[in-house]
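Undergrad: Structure below; questions to follow.
The values are calculated or read from the model by the stated rules, or taken from the named source; none is laboratory data. Just so it is clear, the structure is predicted and the values come from calculations on it, not from any experiment. Note: ideal-geometry Cβ built from the backbone for every residue, glycine included; neighbour counts use all protein chains shown. Ligands, DNA and RNA are stripped out before the accessible areas are found, and what is left, the full protein with its side chains, is counted by its heavy atoms. Shrake-Rupley method; radii C 1.70, N 1.55, O 1.52, S 1.80 Å.
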Amino acid sequence: MNKRKDVSNFKKWNVATLVVVERYRTNNEYLFYEKEIERWQIPEKAKRVYGFELSHRDNETYHDRIRELLNQDRVVLVEVI
């Protein structure tokens, strides 16, 4: 059974915001930074965030930033390093 969400109605894109999250906590937070990338620059481990994956329990600082970007109708990719 295929469990993938139907994302066929989402817009095509050429530029996205990549949010890179450090794997380990510093000062009780995950450090992250963001940068604009083009489609051909996608890192191998990056995953696109559509918004339905986030829940009310996702309350880290980088989750808030992802929500802000999605509310601005931006394409968001996340990579954990």
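Undergrad: Over the chain, with the other protein chains present, what is the accessible area per residue in square angstrom, probe 1.4 angstrom?
TA: I get 79 Å² per residue for the chain.
Undergrad: Related question: Counting only protein heavy atoms, what percent of the accessible surface of the chain is carbon or sulfur at a 1.4 Å probe?
TA: 46 percent
Undergrad: Taking a probe of 1.4 angstrom, what is the accessible area of residue 64 in Å², to the nearest 10?
TA: Near enough 80 Å² of accessible area.
Undergrad: Using a 1.4 Å probe and ignoring any ligands, DNA or RNA, find the accessible area of residue 52 and quote it in Å² to the nearest 10.
TA: For residue 52, the solvent-accessible surface is approximately 100 Å².
Undergrad: Sorted by accessible area with a 1.4 angstrom probe, largest first, how do 47, 35 fall?
TA: Listed by decreasing accessible area, they come as 47, 35.
Undergrad: Then there is this: Would you grab the residues whose amide H sits under 5 Å from the one on residue 80? Only those 5+ places off in sequence or on another chain, please, with H modelled 1.01 Å from N.
TA: 21
Undergrad: Considering the alpha-carbon set of the chain alone, what are its Rg and its Dmax in angstrom?
TA: Taking only Cα atoms of the chain, I get Rg and Dmax of 13.2, 42 Å.
Undergrad: Nearest 20 debye, what's the magnitude of the dipole of the chain about its Cα centre given +1 on Lys and Arg Cβ and -1 on Asp and Glu Cβ?
TA: My answer is approximately 380 debye.
Undergrad: Which value, in Å² rounded to 10, gives the accessible area of residue 54 with a 1.4 Å probe and all protein chains present?
TA: Accessible area, nearest 10 Å²: 40 Å².
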